[in-house]
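Notes follow the structure.
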Amino acid sequence: MSLKIAIVGCGKIADAHVEEIRKIPSVELCAVCDLEPIMAEQLAVRYAVPRRYSDIARMLEEEKPDVLHITTPPQSHLSLTRQAVAAGCHVFLEKPVALHHSDAEAIVKTVVDAGRKLAVNYWPRFEAPALELRRLHETGVLGSAVHVESSIGYDLGGDFGMALQRDPDHWVHRLPGKLFQNVLDHVINKITPFVEDDHPFIEAIAWRGEAGPGVTTGSELLDELRVVIRGAQTSAYATFSAHARPVGQTLRVYGTKNTAFVDYAARTVVLERKQTFPSALGRLFPPFLVAKDYLGRGMKNVSSFSHARFHFFDGMRRLLTEFYLSIEKDSPLPISYDEILRVSAMMERIFEQVYPEVRA
């Protein structure tokens, strides 16, 4: 019997959820819901979803879904999670998890106490190059991680960025971490597999790019962020930039044996190897070895493209597949609750530093 899936929140990201759910043969998308009936209608009509609702309680009662995808802004995540698990649903939650870390803890506790399961949409962690990086790490190719650099770019001139800047009442402005909180999960959740400390040292600075460093007050939207993280064994550096070009998303892991560099936009992973040749040859061969890695990754990307697995949210499809299997077979979750909460706690500590009113 296939899992029944429902979605609450019919904004732009819900399109990606519908498209990736439809690629998984073992599940059925039965309904969508939004407080604005026209939002639910447009999503249901465009994707031929059987039923649509504007009342979440009614949808849960009538459809009895096995899994509820919550794709609303984070202000509503805790209350919707409570409704979902009370109706017997497992929960797939869009990031950011919650407004505050205490809410994230409450969400996890709610799910665990009800005997249900939860996953958060950290989909880039399940892209093909990210899975290759995981293999390199777990098989000891990198050795022990010494330092990690995770970065993400953002285009404020894009559709979402322009809407955010033009609308002072946009829901992102009401987040404690504002623009950073809507995106920073995708920076921090790449660091936590390597920095496993519960309470690492964190130092963050932020500013508005046009005005330069030091502008941290007033209503201007901060759009440049740098974070230093130090654990017991591994350090990290996190970067958010709205002005660096090209807009990208990268991760570099420095290991005691080798270093790996992942480019999520180009979908490549390159191994920077420890020099084993005499000095002159050692300077000669590395460019060819790196070129070989790029060529191999390029050929894999061509294969993925030819098999229709090169689309933007392919990592979400893999994450959803693993999450649904964990429900059907009662197997381990794709992302542990411990890691979800460590991401949430680190983010809150960052926002307390760059937006001091958060702490107040």
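Taken together, the values in this text are just the output of simple stated rules run on the coordinates, not laboratory data. Note that this is a predicted model, so its numbers are computed, not measured. Note that each Cβ is placed from the backbone with ideal geometry, even for glycine, and that neighbours are counted across all protein chains shown.
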Selection from Ala163, Leu136, Phe180 lying farthest towards where the dipole of the chain points positive, charges on Cβ: Leu136
R0 of 22 Å, Cβ-Cβ distance Gln42-Ala163: FRET efficiency to nearest 0.05: 0.85
Cβ-based exposure ranking for Trp207, Trp171, in which fewest neighbours within 10 Å come first: Trp171, Trp207
Karplus-derived HN-Hα couplings along segment 17-29 (A = 6.51, B = -1.76, C = 1.60, θ = phi - 60°), whole Hz, x at Gly and Pro: 4, 4, 4, 6, 4, 5, 8, 9, x, 8, 10, 10, 7
Highest-MSF residue in the chain out of Met316, Met162, Met347 [GNM, Cα springs under 10 Å]: Met162
Backbone HN-Hα couplings from phi across segment 305-313 [Karplus 6.51/-1.76/1.60, Hz, Gly and Pro as x]: 4, 5, 9, 6, 10, 10, 6, 4, 9
Farthest toward positive dipole pole in segment 3-120 [+1 Lys/Arg, -1 Asp/Glu at C-beta], among Gly115, Val45, Leu93: Gly115
Residues with amide H under 5 Å from that of His147, placed H, sequence gap 5 or more: Ser235, Tyr254
12 Å beta-carbon shell around Glu63, net charge (K/R +1, D/E -1): 0
Choice from Glu61, Glu348, Glu149 showing the highest fluctuation, given a GNM over the chain with Cα pairs closer than 10 Å: Glu61
Stretch gain in nm, segment Lys257-Phe310, where the contour uses 0.36 nm per residue and the Cα spacing is subtracted: 16.0 nm
Stretchable slack from Arg22 to Asp55, in nm (0.36 nm times residue separation minus alpha-carbon distance): 9.5 nm
Hz values of 3J(HN,Hα) by residue in segment 3-14 - Karplus curve (6.51, -1.76, 1.60), Gly and Pro given as x: 6, 8, 10, 10, 10, 10, x, 10, x, 4, 5, 4
Cross-link reach list, lysines versus Lys292, counting only Cα pairs under 23 Å and skipping chain neighbours closer than eight places: Lys257, Lys274, Lys300
Cβ-derived FRET efficiency at R0 25 Å, Met299 paired with Val141, nearest 0.05: 0.80
On Cα atoms only, tilt of 101-113 relative to the major axis of the chain in degrees: 60
C-alpha long axis of helix 77-86 to longest principal axis of the chain, angle in °: 60
Mean separation of Cα contacts under 8 Å (6+ apart) over length of segment 80-193, as relative contact order %: 27
Among beta bridges that DSSP assigns inside the chain, antiparallel share in %, nearest 5: 55
Interchain or long-range residues, amide H under 5 Å from Thr268's placed H: Asp263
Exposure proxy order (Cβ contacts within 10 Å, fewest to most) of His17, His101, His199: His199, His101, His17
Contact order normalised by residue count of the chain, Cα under 8 Å, 6+ apart, percent: 17
Summed residue charge, Cβ within 9 Å of Asp198's Cβ, Lys/Arg positive, Asp/Glu negative: -2
Unit charges on C-beta of K, R, D, E only; dipole of segment 132-225, Debye: 80
Net charge dipole size for segment 18-170 [Lys, Arg +1 and Asp, Glu -1 on Cβ; Debye, nearest 20]: 420
Positive dipole terminus of the chain, leading residue within Val8, Leu78, Pro200 (C-beta point charges): Pro200
Sequence of Ser144, Ser235 once ranked by neighbouring C-beta atoms within 10 Å, starting from the fewest: Ser144, Ser235
Inter-site label distance for Asp15 and Val247 at 7 Å from Cα along Cβ, in nm: 1.4
Magnitude of the charge dipole, segment 54-138, Cβ model with Lys/Arg +1 and Asp/Glu -1, debye to 20: 200
